[in-house]
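Enquirer: After the structure tokens below, expect a handful of questions from me.
Rule-based calculations on the coordinates, nothing more; no lab input. Small disclaimer: the values here were computed from a predicted structure and weren't measured. Cβ placement follows ideal geometry from the backbone for every residue including glycine, while neighbour counts extend to all protein chains displayed.
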Amino acid sequence: MERVKVEKAILGGFIATLVMTMIMYLAPMMGMPKMDVAAMLGGMMSQTMPEPMSGLWLLGMMLHFVNGSVIFPLIFAFLLYSRLPGAPWRRGLIWGLILWFLSQAMVMPMMGAGFFSSHAPQPVMTVVGSLMGHIIYGAILAQMYGREPTAKLQTS
């Protein structure tokens, strides 16, 4: 059995979450709908969507990074990486698709956005944007996790 590389999983998850988050917040500049995951997660604890940089918004962002940097990468590393087929990027793509499906089928309805974002202002674009973000997340996570260390040059 292959040794689970916890540090690589968490680092890969953090970088993948950072990239996915940046893309998500820049997406409206590319014609995609606005999606504020920190407000959505923070809003689960109140009756209204919190303003950016408010306490609940920051809590939502923290939850987003804990999920993306710790929880999901460790599930991937401990339970899925050795069982999924193909190169690391393909394993990550599969994991990203699983996370996307769960987010659209379970999380979005819990946040009031409906099944597969059916209550979002632009449902199709929201679903497609979410799909792209989760695929990118999974590919980065898995590529970083599965990458072999490079040999260090010895100097004499």
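To keep it simple, each residue is scored yes or no on (1) closer than 21 Å to MET24 by Cα; (2) of a type in the set (Ser, Thr, Tyr).
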site: LEU84; (1), (2): no, no
site: ARG90; (1), (2): no, no
site: ILE98; (1), (2): yes, no
site: LEU102; (1), (2): yes, no
site: ALA113; (1), (2): yes, no
site: SER117; (1), (2): yes, yes
site: ALA120; (1), (2): yes, no
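Enquirer: Let me ask something else. Output the qualifying pairs, or none if there are none: Cβ atoms under 6 angstrom, residues six or more apart or on different chains, first residue in the range 16-32 and closer than 11 Å to HIS64 by Cβ, second residue not in a helix (DSSP H, G or I).
Expert: What qualifies is MET24/MET35.
Enquirer: Follow-up question, since we're still on this one. Does the range 1-42 hold any residues that are surrounded by 13 or more Cβ atoms within 10 Å (Cβ to Cβ), of a type outside the set (Val, Ile, Thr) and over 30 Å from HIS119 (Cα atoms), and which are they?
Expert: LYS5, LYS8, ALA9, LEU11, GLY12
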